[in-house]
1. Provide the per-residue ³J(HN,Hα) series for segment 42-49, in order, calculated from phi with Karplus coefficients 6.51, -1.76, 1.60 and θ = phi - 60°, each as a whole number of Hz, with x at glycine and proline positions.
2. Once the principal axes of the Cα atoms of segment 180-338 are found, what is the range along each, listed largest first in whole angstroms?
3. Provide the three semi-axes, in whole Å and in decreasing order, of the ellipsoid equivalent to segment 34-182 as defined by the square roots of 5 times the Cα gyration tensor eigenvalues.
4. For TRP81, which sequence-distant residues (separation of 5 or more, or a different chain) have an amide H within less than 5 Å of its own amide H, given hydrogens modelled in the peptide plane?
5. Taking the Cα atoms of segment 52-98 alone, what are Rg (to one decimal) and Dmax (as a whole number) in Å?
6. Restricting to bridges with both residues inside segment 2-379, how much of the DSSP beta-bridge set is antiparallel, in percent to the nearest 5?
7. Highest mean first, what order results for 47-60, 194-207 on Cβ atoms within 10 Å?
8. Just report the Cα centroid separation between segment 227-262 and segment 346-384, whole Å.
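Where a number appears in this text, it was derived from the coordinates with a stated rule and is not lab data. Nothing here was measured: the structure is a model prediction, and the numbers come from that model. For neighbour counting, all protein chains shown are included, and Cβ atoms are generated from backbone atoms with ideal geometry for every residue, glycine included.
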Amino acid sequence: MSVLAGISTAAPLPDEDALAIADATGDRAEAVRRAASSVRDAIYGRVVTYSPKVFLPLTNLCRNHCDYCSFRRSPGDPGEWTMTPAEVDVQLARAQKLGCAEALFCLGDSPEKAFGAYRRTLATLGQSSTVEYLHWAGSKALSHGLLPHTNAGLLTDADMGRLKQVNVSLGLMLECVSPRLCEPGMPHHRAPDKRPERRLAMIESAGRLRIPFTTGILIGIGETRRERVESLLAIRAAHRKYGHIQEVIVQNFRAVPGVAMSHAPEPDDDEVTLAVAMARLVLDRDVSVQAPPNLNPASAEALLAAGLNDFGGISPVTPDYINPKHPWPHIDALGNACARAGFTLRPRASIYDRYVERPGFLDPQLVVPTREVMTRLAAHGGPA
């Protein structure tokens, strides 16, 4: 495959070459995976990482209606919740005892804009806004020796600046750059916060604010392979402006009963591993490529063979509230799968080392707690 013949470990594929591999099949697809694996080996060696975390969904209220989502609720729906401060504190204490390093705060998009009942709930909790509640929760996580990472959907610059005071990183899934998925009959039609231009604008704003950032693509929701590559190229362009994207998640759609896409076909292992490989070849070399192991429980070795270098957050405390039917793997079992493939699995922090050193990317008050967590992880086999 001529496009891959000149692959360099120092530089990703140019735009045209990246788009040329989008529809690779058969032997050509396998060549893409092998090339991505070689690039990963050259950058990261044979070490693959994960973040030991506690997952804290402060609220599952969300104004968006994505056709594949089983997480979101409206006030009064069965299963709706907003965590109380006491519940947050209990989970953080459990996470501390079990050796977690990350507190992931993940919640619905813009609930205050949609629901007066939620605004009243915040008031009863003594919080003026979701961002203020997240700020309190981040401070509480730090007091338990955990490093906060927040994914709260679309945020303003002021919101992100406020959260940067108590978070070592923030995140927002791009999902797909194509506006086609927002048209009638498509999965984002009733999701105003999933408009790609709005999500790209926040990703770029995070860069201007020097915030270490996680984003990613969601595959299997009706996008084409070319649109996956275009999404990766958009992420790469933002990173090249600001150097702030530390990891990109390649997340695969899993069907859930009761949602509009409950009978939609899931991407198979070949699709998932090819998307991982394309991410590795398209993204700049300092950006980690990640895929959730609980959504691919039998595919750890195949993901590694496609160029993966990180498994993301795994919790010994809480379920994956976004995909509750897919439990986290046991760390020993995942470590054994990595060992069979010739890799060593190690824990890492929710901020990558280079951002601790780069001026302006970590609030000065967070430097000491961040170094303490990194030292603790290193003592348990994590990156030094």
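1. Using θ = phi - 60°, the values come out as 5, 8, 10, x, 10, 10, 10, 10 Hz.
2. Over segment 180-338, Cα extents along the principal axes are 39, 37, 30 Å.
3. On the way: eigenvalues 163, 99, 42 Å².
Working through the eigenvalues yields semi-axes of 29, 22, 14 Å.
4. It is ASN60, LEU61, by chain and number.
5. Gyration radius and largest Cα-Cα distance of segment 52-98: 13.0, 38 Å.
6. Working: 2 of 35 bridges.
Looking only at bridges with both residues in segment 2-379, the antiparallel portion is about 5 percent.
7. Numbers: 47-60: 23.1, 194-207: 18.8.
By packing density, highest mean first, the sequence is 47-60, 194-207.
8. Between the Cα centre of segment 227-262 and that of segment 346-384, the gap is 25 Å.
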